[in-house]
Amino acid sequence: MTTSITRAEALADTLRQAIHNGDYICGERLVELTLSQQMNVSQNTVRDALHILQDEGWVVKHARRGAYVRAFTPAEAAEVYALWAAVEGLALRWMMEALSKSQVNHLRRLLMQARNHAFTGDSRRATEALLALHAAIAAGAGRPQTTALLARLRNQVHLLEVLRRMRAPRSLHAQQAHILLYEKLVSLMEAGDADGAGALLDYLIKTDGEALLPLLA
């Protein structure tokens, strides 16, 4: 049993990275037999891996139709961003109740990674660094249920960001301006301005969602 679970987790990692890279996009079917042949694993292993990805929000299964990379209507995407803003706003306030210097330094290192990736034209890694910053805020809240809920929402946002990158990628100037707002967010957090940081976080998430929705119509 342990070996089977380990293989399923390894395959889930491989498929997750492929989704990150845009090799599988929203709405694409993931055929168990095809994947088992491509990955040289059993269909049971593929099925278990897809269950892991389903639990994480990357994949949906439809009765008699199989598994698909999660796709979104405009209304569903708007709901994801609204929930993300609301729940992470709570996490931000909880994190700021006992914000440490090491946490601030970690956020700044992630911003440095985002800047460097944007400068070299690697928009995928720049976006992933910013999503890692959001993950750090979720973890910093110290609320396990909140962290788990935000992880699932963030995975769905990641799927939507892949679509943005493919259909309407940000220019270097737009990326740099976006990262500057995140730098202001961290500065407000470090200064202890919970209201200002919360308002900026809400703005960053909601404007991201508003810009993406027309790409789904």
Practice prompt. Scan region 77-120 for residues that are more than 21 Å from residue 208 (Cα to Cα) and of a type in the set (Phe, Trp, Tyr) and jot them down.
Written response: 94
Worksheet item: Looking at region 1-99, what helices (runs of 4 or more DSSP H) fall wholly within it and have at least 3 residues that are over 27 Å from residue 145 (Cβ atoms) and outside the structural domain of residue 212 (by TED's automatic domain parsing)?
Response: 2-21, 32-39, 43-56
Item to complete: Could you please find all residues in region 36-69 being in contact (Cβ under 8 Å) with a residue 12 or more places away in the chain and of a type in the set (A, V, I, L, M, F, W, C)?
Response: 39, 41, 46, 49, 50, 52, 53, 58, 59, 67, 69
Worksheet entry | Single unsatisfied condition, residue 59 versus (1) surrounded by fewer than 20 Cβ atoms within 10 Å (Cβ to Cβ); (2) out of contact with any Gly (no Cβ under 6 Å at 6 or more places or on another chain) | (1)
Item to complete: Could you please give the count of residues in region 167-177 that are in a helix (DSSP H, G or I), closer than 11 Å to residue 123 by Cβ and touching a helix residue (DSSP H, G or I) at 6+ places or on another chain (Cβ under 9 Å)?
Response: 2
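The values are calculated or read from the model by the stated rules, or taken from the named source; none is laboratory data. Since the model is a prediction, treat every value here as computed from it, not as a measurement. All Cβ positions, even for glycine, are placed from backbone atoms using ideal geometry, and neighbour counts span all protein chains on display.
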